[in-house]
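J.: Mind having a look at this structure? Questions to follow.
The values are calculated or read from the model by the stated rules, or taken from the named source; none is laboratory data. Since the structure is predicted, the reported quantities are computational estimates derived from the model, not experimental observations. Virtual Cβ from ideal backbone geometry, glycine too; neighbours counted across all protein chains shown.
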């Protein structure tokens with residue numbers, strides 16, 4: 001079966017991060033295009049992150065936090081001890 005035909009299972013942590021990223025973006029009234037432009041990443045990558053299809057690297061976390069005007073711990077605040085404990089990794 002070709003890669004494009006396979007259903008890719010999304011990592012729980014990537015899905016959680018994507019929801020958080022979307023919330024911060026929409027709170028600012030920004031489009032995905034605007035976030036991509038300000039963060040210096042591609043629109044496709046922003047979409048992949050928000051859908052939980054990819055997880056960000058540390059470098060991208062820093063770029064996103066800077067673009068959103070928050071610090072990295074705020075961007076990752078949903079990843080508290082209890083949430084991490086419950087994630088299926």
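J.: Which of the numbered conditions does residue 83 fail, given that it passes all the others? Conditions: (1) touching a residue at least 24 places away in the same chain (Cβ under 8 Å); (2) part of a helix (DSSP H, G or I); (3) surrounded by 14 or more Cβ atoms within 10 Å (Cβ to Cβ).
T.: Looking at each condition in turn, residue 83 falls short on (3).
J.: All but one of (1) surrounded by 13 or more Cβ atoms within 10 Å (Cβ to Cβ); (2) at pLDDT 95 or above; (3) in a helix (DSSP H, G or I) hold for residue 41; which doesn't?
T.: Evaluating residue 41 over (1) surrounded by 13 or more Cβ atoms within 10 Å (Cβ to Cβ); (2) at pLDDT 95 or above; (3) in a helix (DSSP H, G or I) leaves (3) as the failure.
J.: Which residue is modelled with the lowest pLDDT, if the candidates are limited to region 1-18 and must be exposed (fewer than 13 other Cβ atoms within 10 Å of the Cβ) and either in a helix (DSSP H, G or I) or touching a helix residue (DSSP H, G or I) at 6+ places or on another chain (Cβ under 6 Å) (or both)?
T.: 5
J.: Tell me which of these residue 58 doesn't satisfy, since it passes every other one: (1) within 12 Å of the chain's Cα centre (by Cα); (2) surrounded by fewer than 16 Cβ atoms within 10 Å (Cβ to Cβ); (3) touching a residue at least 12 places away in the same chain (Cβ under 8 Å).
T.: (3)
J.: Of the residues 89, 35, 49, which is modelled with pLDDT under 95 and either under 20 Å from residue 9 (Cα atoms) or part of a helix (DSSP H, G or I) (or both)?
T.: It is 89.
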